[in-house]
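**Q** Shown below is the structure under consideration.
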Amino acid sequence: PQYLEEAVLFTLNLTVTSRWGLSQSLLVDITKLDAPAPMVSILGPKELLVNRTEQVSLLANGVPSECLTVSTQLEYRWIETTGQLDLSSIPEIVYTTRSLVIPPFVLEPIGSGSDLNTYNFT
């Protein structure tokens, strides 16, 4: 829409210096889009440690874009980003609502003890 600023890429040089004078720098790219976008967050802790026998529940909170020229209707779609779990292939999982509920025995361990399998959901 014509009311939004043009898209732009910001490159930040982040430098951390210790009290002993040691420094480390990292370039961070931030892209500001030129399209209206909602603000979405997953509520709760950043990481969950669960047993295979437990149900996992994640809840998202969405706030529509405040741009007057776009629809404020929100739709949700969960994905697992490591590629280990295709949510659309499991009929018991509804992945198009605000909450994602994964039944027991869906998530797989890769070993035992501290050898854990990591799943990422967005």
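The values are calculated or read from the model by the stated rules, or taken from the named source; none is laboratory data. In this text, all values refer to a predicted model and were calculated from it rather than measured experimentally. Every residue, glycine among them, receives a Cβ derived from its backbone with ideal geometry; neighbour counts consider all protein chains shown. Note: areas computed on protein heavy atoms with side chains; ligands, DNA, RNA excluded. Shrake-Rupley method; radii C 1.70, N 1.55, O 1.52, S 1.80 Å.
**Q** Just to check your reading of the model, which residue among Val28, Val50, Val56, Val40 is modelled with pLDDT of 90 or more and under 20 Å from Ile79 (Cβ atoms)?
**A** Details: Val28 fails: under 20 Å from Ile79 (Cβ atoms); Val50 fails: modelled with pLDDT of 90 or more; Val40 fails: modelled with pLDDT of 90 or more.
Unique residue meeting the criteria: Val56.
**Q** Is it fair to say Glu47 is of a type in the set (Asp, Glu) and over 12 Å from the mean Cα position of the chain (by Cα)? Even if it seems obvious, please write down each step before you answer.
**A** Numbers: of a type in the set (Asp, Glu): yes; over 12 Å from the mean Cα position of the chain (by Cα): no.
No: the conditions fail for Glu47.
**Q** Another question, if that's okay. With Pro104, Pro109 as the choices, which residue is in contact (Cβ under 8 Å) with a residue 12 or more places away in the chain and either in contact with a Cys (Cβ under 8 Å, 6 or more places away or on another chain) or open to solvent by less than 70 Å² (accessible area, probe 1.4 Å) (or both)? Steps first, please.
**A** On the way: Pro109 fails: either in contact with a Cys (Cβ under 8 Å, 6 or more places away or on another chain) or open to solvent by less than 70 Å² (accessible area, probe 1.4 Å) (or both).
Of Pro104, Pro109, the one residue that is in contact (Cβ under 8 Å) with a residue 12 or more places away in the chain and either in contact with a Cys (Cβ under 8 Å, 6 or more places away or on another chain) or open to solvent by less than 70 Å² (accessible area, probe 1.4 Å) (or both) is Pro104.
**Q** Also, I was wondering about something else. Does the range 107-117 include one or more residues that are assigned to a strand (DSSP E or B) and touching an Asp or Glu at 6+ places or on another chain (Cβ under 8 Å)?
**A** No, the conditions are met nowhere in the range 107-117.
**Q** Among the residues of the range 30-50 satisfying the criterion of being open to solvent by 100 Å² or more (accessible area, probe 1.4 Å) and free of Cβ contacts under 8 Å to residues at least 60 places away in the same chain, which is farthest from Thr97 (Cα to Cα)? First the steps, then the outcome.
**A** In the first step, residues of the range 30-50 are kept if they are open to solvent by 100 Å² or more (accessible area, probe 1.4 Å); the result is 33, 39, 46-47, 49.
Now drop any that are not free of Cβ contacts under 8 Å to residues at least 60 places away in the same chain, which leaves 33, 39, 46-47.
On the way: Leu33: 25, Met39: 16, Lys46: 20, Glu47: 21 Å.
The qualifying residue farthest from Thr97 (Cα to Cα) is Leu33.
**Q** Of Ser57, Ser23, which residue is over 30 Å from Tyr119 (Cα atoms), in contact with a strand residue (DSSP E or B) (Cβ under 6 Å, 6 or more places away or on another chain) and among the small types (Gly, Ala, Ser)?
**A** Working: Ser57 fails: over 30 Å from Tyr119 (Cα atoms).
Exactly one of Ser57, Ser23 is over 30 Å from Tyr119 (Cα atoms), in contact with a strand residue (DSSP E or B) (Cβ under 6 Å, 6 or more places away or on another chain) and among the small types (Gly, Ala, Ser), namely Ser23.
**Q** Please go through the range 58-67 and pick out each residue that is out of contact with any Gly (no Cβ under 9 Å at 6 or more places or on another chain), free of Cβ contacts under 8 Å to residues at least 60 places away in the same chain and not charged (D, E, K, R). Explain how you work it out, then say what you get.
**A** Keep residues of the range 58-67 that are out of contact with any Gly (no Cβ under 9 Å at 6 or more places or on another chain), which gives 60-67.
Going one step further and asking which of them are free of Cβ contacts under 8 Å to residues at least 60 places away in the same chain, we end up with 60-66.
Passing the criteria: Ala60, Asn61, Gly62, Val63, Pro64, Ser65.
**Q** So, one more: For the subset of the range 75-95 comprising residues that are out of contact with any Asp or Glu (no Cβ under 8 Å at 6 or more places or on another chain) and in contact (Cβ under 8 Å) with a residue 40 or more places away in the chain, which member is farthest from Val56 (Cα to Cα)?
**A** Among them, the one singled out is Thr81.
**Q** Go through Thr82, Thr69 for me and flag whichever is hydroxyl-bearing (Ser, Thr, Tyr) and farther than 17 Å from Thr122 by Cβ. First the steps, then the outcome.
**A** Numbers: Thr82 fails: farther than 17 Å from Thr122 by Cβ.
On inspection, the qualifying residue turns out to be Thr69.
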